[in-house]
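Okay, structure first, notes after.
The values are calculated or read from the model by the stated rules, or taken from the named source; none is laboratory data. It should be emphasised that the depicted structure is a prediction, and the values quoted were computed from it without experimental measurement. So basically every Cβ, Gly included, is an ideal-geometry build from the backbone, and we count neighbours across all protein chains shown.
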Amino acid sequence: MNMSPCPLCKSKDAKLKHSKKIHGKKYDIAECQKCRLTYVNPLPTQKELSDFYTNQFDYTYLFAANTRLKKANNNRAKKIREIKPQKNATLLDVGCGSGQFLDAARKQGFQVTGIEVGKDAAEHARKTYDLTIIESDLTAAKLPTASYDIVCLHHVLEHLSNPASYLSEIRRLLKPKGLLVIQTPNIGGLPSRLFGKNWEWITPPKHLTYFTPKTLARILEENGFTVEKTETVREDAHSLLLQTAFAALHATGLADKVLYNPKRRNESQSKLFSLYLIADQISEFISAPFRPIGRLLDREGLGPEVSSYARPKGR
Ligand SMILES: [Zn+2]
């Protein structure tokens, strides 16, 4: 088999961690023995990826109905406002999806722009929130140098087979003393340790690279950033209760048949989504008393997501 070099340190010394079958295709997920980055190995080709995304039902816009995510996006925008109090700061959200975070950031006084490859999601963001959305891949967009005070990359890095090239492009787009806010699933967190390959975020070929607070800091440092703060949080992740249910769906193969089946498009998918929204709200309600435990996990770096705040070096 043709092994891919590690997207972080280029080493070819990787050890198989999980094998997972999605859409009838088996993916191997390995851990680099040099830098400990976990990644799909071999990485899919650009053609495989574009074929996959073309056949995929784009349900991103459905998430706009999720009140839990709305709260998470408000929370993200407020945190950035605390770090960047300057009025009218320009903010670019890379992979902005249906625009919910951009809407929250605009309410905090930022001048916002989104960039998104998904046509349906971009259209939803424009229509629903009257936002400026560039419909493109970041590296293809060739945006002007030093044009943003803040660039956000929420749950995007893990989708990329070339995360380093994205980070250097973002570095170019940031103004001197600009801020990069990045969030990605934490493979070092408790849910990933509990559920292994059945963790809801082990989803190749969507998720290709899997970071920990350490590997995220390293890829940022190596691509010209100084990390100011790293923390683990639960923002996009479901409650542990619902994550357990999703892990069972993954373990039994039902997730593959029902959730990620490209043949079950539009209507049936939307119905399923309404059920999911109800389950999500119920599980949040049941989990509410356990939130302090979640905050304790975050303090130990065991939360389901890792966030870093970083600035371009020497600019
Ligand atoms: Zn490596």
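If you filter region 31-41 down to residues that are over 20 Å from TYR166 (Cβ atoms) and in contact (Cβ under 8 Å) with a residue 24 or more places away in the chain, you find that the one that is farthest from the ligand (Cβ to nearest atom) is ARG36. Tell me, yes or no, whether region 17-30 has at least one residue that is modelled with pLDDT of 95 or more, within 16 Å of the ligand (Cβ to nearest atom) and either under 28 Å from SER136 (Cα atoms) or surrounded by fewer than 13 Cβ atoms within 10 Å (Cβ to Cβ) (or both). No: region 17-30 contains no residue that is modelled with pLDDT of 95 or more, within 16 Å of the ligand (Cβ to nearest atom) and either under 28 Å from SER136 (Cα atoms) or surrounded by fewer than 13 Cβ atoms within 10 Å (Cβ to Cβ) (or both).
I'd like to check something: does region 165-176 contain any residue that is in contact with a strand residue (DSSP E or B) (Cβ under 7 Å, 6 or more places away or on another chain), among the aliphatic types (A, V, I, L, M), assigned to a loop (DSSP other than H, G, I, E, B) and surrounded by 19 or more Cβ atoms within 10 Å (Cβ to Cβ)? Checking region 165-176: not a single residue is in contact with a strand residue (DSSP E or B) (Cβ under 7 Å, 6 or more places away or on another chain), among the aliphatic types (A, V, I, L, M), assigned to a loop (DSSP other than H, G, I, E, B) and surrounded by 19 or more Cβ atoms within 10 Å (Cβ to Cβ). When only residues in region 6-16 that are within 8 Å of the ligand (Cβ to nearest atom) and not charged (D, E, K, R) count, which is nearest to ALA217 (Cα to Cα)? Per the criteria, the residue is LEU8. Residues that are more than 27 Å from THR113 (Cα to Cα), charged (D, E, K, R) and more than 14 Å from the chain's Cα centre (by Cα): does region 179-194 have at least one? Within region 179-194 (the criterion being more than 27 Å from THR113 (Cα to Cα), charged (D, E, K, R) and more than 14 Å from the chain's Cα centre (by Cα)), the answer is yes, since at least one residue qualifies. For ASN55, the conditions (1) polar (S, T, N, Q); (2) farther than 23 Å from PRO163 by Cβ; (3) surrounded by 18 or more Cβ atoms within 10 Å (Cβ to Cβ) all hold with the exception of (3). On inspection, ALA140 does not qualify as closer than 17 Å to ILE182 by Cβ, out of contact with any strand residue (DSSP E or B) (no Cβ under 9 Å at 6 or more places or on another chain) and assigned to a helix (DSSP H, G or I).
Looking only at region 200-258, which residues are outside any loop (DSSP other than H, G, I, E, B), among the small types (Gly, Ala, Ser) and surrounded by 20 or more Cβ atoms within 10 Å (Cβ to Cβ)?
Residues of region 200-258 outside any loop (DSSP other than H, G, I, E, B): 209-211, 213-222, 225-233, 240-251, 254-258.
Now drop any that are not among the small types (Gly, Ala, Ser), which leaves 217, 245, 247-248, 251, 255.
If the condition is that a residue be outside any loop (DSSP other than H, G, I, E, B), among the small types (Gly, Ala, Ser) and surrounded by 20 or more Cβ atoms within 10 Å (Cβ to Cβ), then ALA247 is the only one that fits.
Can you tell me which residue is surrounded by the most Cβ atoms within 10 Å (Cβ to Cβ) among those in region 99-122 that are assigned to a helix (DSSP H, G or I) and in contact (Cβ under 8 Å) with a residue 60 or more places away in the chain? This residue is ALA121.
Answer yes or no as to whether LEU62 is away from the ligand (no atom under 16 Å from the Cβ) and either part of a strand (DSSP E or B) or surrounded by 14 or more Cβ atoms within 10 Å (Cβ to Cβ) (or both).
Details: away from the ligand (no atom under 16 Å from the Cβ): yes; either part of a strand (DSSP E or B) or surrounded by 14 or more Cβ atoms within 10 Å (Cβ to Cβ) (or both): yes.
Here the answer is yes, as LEU62 does meet what is asked.
Answer yes or no as to whether ASN2 is more than 16 Å from the ligand (Cβ to nearest atom), modelled with pLDDT under 95, farther than 20 Å from ASN198 by Cα and loosely packed, with under 13 Cβ neighbours inside 10 Å. Before you say what the answer is, go through the steps one by one.
Values: more than 16 Å from the ligand (Cβ to nearest atom): yes; modelled with pLDDT under 95: yes; farther than 20 Å from ASN198 by Cα: yes; loosely packed, with under 13 Cβ neighbours inside 10 Å: yes.
So ASN2 passes the test.
Determine whether CYS96 is at pLDDT 90 or above, under 17 Å from the mean Cα position of the chain (by Cα), part of a loop (DSSP other than H, G, I, E, B) and under 26 Å from THR209 (Cα atoms). Before you say what the answer is, go through the steps one by one.
Working: at pLDDT 90 or above: yes; under 17 Å from the mean Cα position of the chain (by Cα): yes; part of a loop (DSSP other than H, G, I, E, B): yes; under 26 Å from THR209 (Cα atoms): yes.
When the stated conditions are applied, CYS96 passes them.
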